[in-house]
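Participant: Quick one: structure below, then a few questions.
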Amino acid sequence: MGCDAGEGSFGQCGRKRSRLEEQETARQAKCQREQEERAEERTKWEEQERERQQQAERARQEQEEVLHREKKLLAEEAAAFEEKTRLEQAAAAKAAEALAKAQLHFEEQKKQWAEQQRMERENKEREERERVEREARELKEEEERARQARAEAEAKAKPATTVDLSGSDDDKQQEGGQKFWQEMNHGWVKQLFDVPKGSDEYKEVSDILAQDTVAICAKRNPWGFAAFLTCYELLKLERIQNPTLYACYMALKTSKIKAHQDPKEIYAVHGSAKETIDNICSGGFNRSAAHWTSTPSRPHRRRPADCVCTLSL
C-alpha cells in the first residue's frame, strides 16, 4: 500500500504499518495458540487412545483367561464323565455276568429238581407196583393156606363135596369184567380207555346207574347219597384197566367161593376229586385219598359238581 510524500502522509503510513504488524503479531499468536491447543488435543487423544488400547488389551487378556479356565473346567468335566461312564459300564458288565451266572445256576437247579421229581415219581410208582404185587402174593398165599386147611379138615371129617369153582353161567358172565377190555400199552400198570356212547358197555353202565337198586342203597345211607344219584349227569365214561388190581379182586372172590362164602358183589358209585383219580386207578380205593367222603360226624367236604364218580364192583 503506497503512501504519498509528505510529513502527514508518512505518519499515516507508520500508523498503518504498526497496525498491520500488530494484526500480524496477533494472528501469529492466535495461530500459535491454535497449534498449541491442537497439540494438546492430539496429546490428549493419543493418551486416550493408548488408554483405550490398554483397556482393550486387558479385556482381551481377561477374556482369554476366562476362556482358558472354561476350557480347563470342560476338560475336567469331560474326563470325570468318561471315568463315570467307564465305571458304570464296568458295573453293568459285572451285573450282567452275575445275572448270567444266576440264570445258569437256576437252570441247573431246575434240571436237578425235575430229575429229582422224576426219580421220586418213578420210585413212588415202583413202590406202588411192589405194594400191589405184594398184596396179591399175600392174598394168594392166604388163599393157599385156607385151601390147605380146609382140605385137611375135610379129609379128617368126611369126603369133600365137589365145588364148581367155575360158577354158574351168570357168574361166568359177571366175572367177565374183562370182556370189554382193550390191548394195553406195553409195560403200563394201568390205562384209561374212553367208552364211546352207544356201545354195549356204555349202555350197560348207564343201566346200572339207572337201576332202582340205587334207591335201596339210599335207604341204607343217611348222608344224602340218594340226592346225589338222582341229579347226576353222565358226561364222560372211561374204563380203568389195571390187571394187577383185577387179579387181586378175582383172587379174593375165588377164595370166598372156595370157603363156601357169598362174595356179595355189588356195583358201587364212589365220588372223588379229580386229583385223586390217578391214585384210585393205580392202587384202588382208599378213604384217605377220597376228597368227597362223608360220615354222620363228617359231612361232605366237596360239592357233587366238583367230584368225579367211579363205578366199581
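Participant: Across segment 139-160, what is the total count of residues that are farther than 16 Å from LYS253 by Cβ and either in contact with a His (Cβ under 9 Å, 6 or more places away or on another chain) or modelled with pLDDT of 50 or more (or both)? I'd like the intermediate steps shown before the answer.
Facilitator: Initially, segment 139-160 is screened for residues farther than 16 Å from LYS253 by Cβ, giving 141, 145, 148-160.
Now drop any that are not either in contact with a His (Cβ under 9 Å, 6 or more places away or on another chain) or modelled with pLDDT of 50 or more (or both), which leaves 141, 145, 148-157.
Of the residues in that region, 12 qualify.
Participant: Among the residues of segment 186-231, write down those that are modelled with pLDDT under 55 and small (Gly, Ala, Ser).
Facilitator: Correct list: ALA215, ALA218, GLY224, ALA226, ALA227.
Participant: Residues in segment 163-184: is at least one surrounded by 12 or more Cβ atoms within 10 Å (Cβ to Cβ), of a type outside the set (A, V, I, L, M, F, W, C), at pLDDT 50 or above and part of a helix (DSSP H, G or I)?
Facilitator: Within segment 163-184, none of the residues are surrounded by 12 or more Cβ atoms within 10 Å (Cβ to Cβ), of a type outside the set (A, V, I, L, M, F, W, C), at pLDDT 50 or above and part of a helix (DSSP H, G or I).
Participant: How many residues are assigned to a loop (DSSP other than H, G, I, E, B) and either of a type in the set (Lys, Arg) or surrounded by 12 or more Cβ atoms within 10 Å (Cβ to Cβ) (or both) if we restrict to segment 232-276? Give the steps one after another, and end with the answer.
Facilitator: First, the residues of segment 232-276 that are assigned to a loop (DSSP other than H, G, I, E, B): 232-237, 242, 259-267.
Checking the rest, the ones that are also either of a type in the set (Lys, Arg) or surrounded by 12 or more Cβ atoms within 10 Å (Cβ to Cβ) (or both) come to 232, 234, 236-237, 242, 259, 263-265, 267.
Residues that pass the stated criteria total 10.
Participant: OK, next. Output the number of residues of segment 232-246 satisfying the condition of being of a type in the set (Asp, Glu), at pLDDT 85 or above and over 13 Å from GLU201 (Cβ atoms).
Facilitator: So the count comes out to 0.
The values are calculated or read from the model by the stated rules, or taken from the named source; none is laboratory data. Note that the structure is a prediction, hence the values are computed from the model and not measured. Cβ sites come from the backbone with ideal geometry, for glycine too, and all protein chains shown count toward neighbours.
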